[in-house]
Amino acid sequence: MHTEEYLQLWLDTYIIPRRRPNTAACYRRAVEALPPDVKRCELAELNGLRLQAAINHQAERYPRAAQLTYTALHVAMNKAKALHLVAFSPMDGVEKPEHSARKTAILTVEQLPAYLSAARSVPSWPLLLVMATCGLRRGEALGLTWAAVNWQAGTLAITQQRGRVAGRGMQTAALKTRASARVLPLAGPVARELAAWRAGQAVLTRWVLDTTPERLARDHAAALEAAGLPHVTLHGLRHSMATAAAETGAPIKLLQGVLGHSSYKLTADLYADHVRPAAYGPVLDTMARVMQV
């Protein structure tokens, strides 16, 4: 059996029927991204050296995608082993490619106002606004409904995500993790901008904005160009907000809740380096008092 044949059967049997659409789509993209020599290889002859080379090559340009390929292949090959199609998983010994969000391009505190000013003129303005100021993921922004906005309390409830699924159009799905469900405070200016945008719409739907990932990305790129800013991905807006918050003294534990991370370690690994020294003032004061006892 060729590796490509096995992987397609694995997708159709174990992944597409049982996993969330977004997860299944990620696994499918990982399989499609494999080089032809890996796909044509007999499954029983596949080895870790060949897979490591393919993953390393992908990681040179797309480190995050290479990590997803690594994960998908681990799941697929462990299943092949459990089904006795191979004696051992060829992914044993394959190393996961490195990818640090610290290296992700972001907008600085000084650049964010220029970005938001330019983004106000594009159709996707309300979603770009909450991504840049609340740290939402793309799917979370696309899944926002007006019911999620509590105008009286000034909060935004993140309860679902939305994205394009191949052959099924735009689909709503559960959030990435349980920790992703959260209620965020809206800064006064952000709430007023959302209210003004809503009031200016001739026809309202349940969505804050019923649009597609592609249109959102185009509008984001247009805003960057209009503001004369360097390229930053949509996900980079999330990192921009979190980095700005860390640099101005936001505690890491608070950032964990705002970003919807499932672990403190993940947030600390990403943003602890950005916490300004003054934020450690209360800790130093406490230690000084202890030393005087």
Item checked: Index of the failed condition, residue 109 passing every other in (1) touching a Ser or Thr at 6+ places or on another chain (Cβ under 9 Å); (2) part of a loop (DSSP other than H, G, I, E, B); (3) open to solvent by less than 20 Å² (accessible area, probe 1.4 Å); (4) not small (Gly, Ala, Ser) -> (3)
Next item on the list: Please work out if residue 65 is out of contact with any strand residue (DSSP E or B) (no Cβ under 6 Å at 6 or more places or on another chain) and surrounded by 15 or more Cβ atoms within 10 Å (Cβ to Cβ).
Entry: yes
Item checked: Residue list for region 223-280, restricted to those being open to solvent by 60 Å² or more (accessible area, probe 1.4 Å), at pLDDT below 90 and touching a helix residue (DSSP H, G or I) at 6+ places or on another chain (Cβ under 9 Å) -> 247, 248, 251, 253, 254, 262, 264, 266, 269, 273, 276
Next item on the list: Quick one: which residue in 120, 102, 178 is open to solvent by 60 Å² or more (accessible area, probe 1.4 Å), out of contact with any strand residue (DSSP E or B) (no Cβ under 8 Å at 6 or more places or on another chain), modelled with pLDDT of 95 or more and basic (Lys, Arg)?
Entry: 120
Note to self: What are the pairs with Cβ atoms under 9 angstrom where one residue, in region 201-214, is free of Cβ contacts under 8 Å to residues at least 60 places away in the same chain and the other, located anywhere, is among the aromatic types (Phe, Trp, Tyr)? Sequence gap at least six, or different chains.
What the structure shows: 204/146; 205/146
Notebook entry, point to check: Given the structure, is residue 42 at pLDDT 95 or above, of a type in the set (D, E, K, R) and either in contact with a helix residue (DSSP H, G or I) (Cβ under 9 Å, 6 or more places away or on another chain) or under 29 Å from residue 170 (Cβ atoms) (or both)?
Noted result: yes
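The values are calculated or read from the model by the stated rules, or taken from the named source; none is laboratory data. Note that the structure is a prediction, hence the values are computed from the model and not measured. Here the Cβ is made from the backbone with ideal geometry for all residues, glycine too, and neighbour counts use every protein chain on show. With ligands, DNA and RNA removed, areas are computed over all heavy atoms of the protein, side chains included. Shrake-Rupley method; radii C 1.70, N 1.55, O 1.52, S 1.80 Å.
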